[in-house]
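Each value in this text was obtained by applying a stated rule to the coordinates, not by laboratory testing. In this text, all values refer to a predicted model and were calculated from it rather than measured experimentally. Cβ placement follows ideal geometry from the backbone for every residue including glycine, while neighbour counts extend to all protein chains displayed.
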Amino acid sequence: MDVNDDAPGLMRNVPSRQKLQSLRWIYDLARICADGMSDEHSNCPKSTENPAPLRLIDLSSGGDTLRLMKKQGMVLKYAALSYCWGSCKASGTRKSNLAERMLAFELSSLPQTLQDSIVIARKLEVPGWKMMDYYANAYLTIVPVSCDSAEQSCLGQQRWVTDQLSGLWVGKPERLLHFNHPVWELVSKEVDKSAWAKRAWAFQERQLSARIVFFGRNGIRFECREGAFDKYNCNESSPIKPDIFLPVPNTPSPEWDALWKIRAKWYNMVSDYVERQLAFESDRLIALSGVVQKFEILFHGKDEYMSGFWKNDLCQGLCWDFSTGFKRLPGEDALFQSCFADSLSLVKSQLFPSWSWCCMRRPVEWDDVAGSIPSAQLLEAIKPLNGADFAIQGKAVKLVLEAWMFPADILDRTLSEDLEVSVRLDARDKPTINPRTLAKYSAIPLLVGLYGADEAQWRASRTTILHKVYGLIIQKANSQHGGNEEYERMGMFKVLSSRH
Ligand SMILES: [Zn+2]
């Protein structure tokens, strides 16, 4: 395929000359970013720091015959591919065809997206590429964002639409005119709406990459820690700094220089991650494990990861929020129901413990709880009996907490004129919970805002008026652990003072 090949017809799905010519632009940007050719990219990882993954496709032959090579640990330049396999029927590299692929295989035997990516990698003079992991160490990551299946081409894709217009022709009756024209869209918008962006696995592939090139229908976008650069035909846009990459270890960054900032980033990331789609729900925590490893470094190894939570910040972690339930505004007498319910089906996944945000298939969020202190203590976290890795298996994990517990219907009484109370439920598959049946449930506060009140006095008597309380609504699970009742999470509550 030659850069100068022109598209023989606009409607044909062939590599566009502009896209192939734009590869020179990416080549220059990648060299400035990765090869230390500019002081401006000081936050970007350099290509000399890259140990290779287990196997790579060797692209050095330049021909149509390729092979897999063992390169583990060698320092070399390679590209990664982050894409949607989608409905593609072709077979990937498996144990059964591995030996064969180590010898030789034809470029044409690969799905179209992979073939295009090899063309791109060769133009960028990247000698090998790998499509699965090791995004952080890759020279760059290629994202064919216009493809929602591996059978599609990212170099030719142009989406056409037909518009109709009624027109009056001299001497003839009114008739409809049909116009075919390509859809024009910013690459950044295309990325946001893409099937790729909805994949859970793509989340960490994006966060961990050194730099990314998005191939859209109308243009190309290059993103690194220093900026996002767009190119449409001959037009280049001015760079904007993206806020999506995790920082490179040991590179000081003002956005990551305090514990509260790192924790806030974690909660923001999980909020974005939790609604993404997985082929296997059991991969929920596994598809995040690369990001977790980076956070362990960012916390300097001083916090312990526990199935989607950080031990030192467990009380906030458990207070994930979901907008359905009932509420009482200051001055009102009782909670009223369903003020923020919506029409979506809300059933918690049974694969994960009820207290885990992994149960939810919809966005969850965490409030800014600055000024609050934890009011519960973790005594023990019980790992799965089968010895599964605690860090990545959320199943059957139980928490033993020491916490203050009270009947949940206390929340339905006017404690004080200026308090706003929200009871928010995780699921709709338990229809019995409503303001009148709250007495059957219990509540445990996990975070309290004392705002200058004496903490020791509060812990001793708990009579101080609180201005902010976050906690869980729980119910008995009809099982016991060590002689104590077990409970499951039903939802969470918030008590907020209008004075703050
Ligand atoms: Zn850069």
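List the aspartates and glutamates whose Cα lies under 20 Å from the Cα of LYS89, skipping any in the same chain that are fewer than 8 positions away.
Filter leaves GLU100, GLU106, ASP116, ASP148, GLU151.
What distance in nm separates the two pseudo spin-label positions at ALA90 and GLU332, each 7 Å out from Cα along the beta-carbon direction?
5.7
If I stretch the segment between VAL161 and ILE297 completely, what's the gain in nm (0.36 nm per residue apart, minus their alpha carbon distance), one decimal?
44.1 nm
Tell me, in nm to one decimal, what length is gained between LYS383 and LYS476 on full extension, where the rule is 0.36 nm per residue of separation less the Cα-Cα distance?
31.4 nm
If the chain between MET37 and SER282 were fully stretched, how many nm would it gain, using 0.36 nm times the residue separation less the Cα-Cα distance?
So the chain would gain 83.9 nm between MET37 and SER282.
Excluding residues fewer than 8 places away in the same chain, name every one of the lysines whose C-alpha is closer than 21 Å to that of LYS440.
Partners within reach: LYS327, LYS348, LYS430, LYS476, LYS494.
Near LEU110, within a Cβ-to-Cβ distance under 11 Å, what is the net charge of the other residues, with Lys and Arg +1 and Asp and Glu -1?
Spelling it out: positives minus negatives among the neighbours equals -3.
Over 32 Å between Cα atoms: which of LYS189/LYS383; LYS46/LYS398; LYS70/LYS265; LYS123/LYS241; LYS198/LYS398; LYS261/LYS468 fall into that group?
Beyond 32 Å between Cα atoms: LYS189/LYS383; LYS46/LYS398; LYS70/LYS265.
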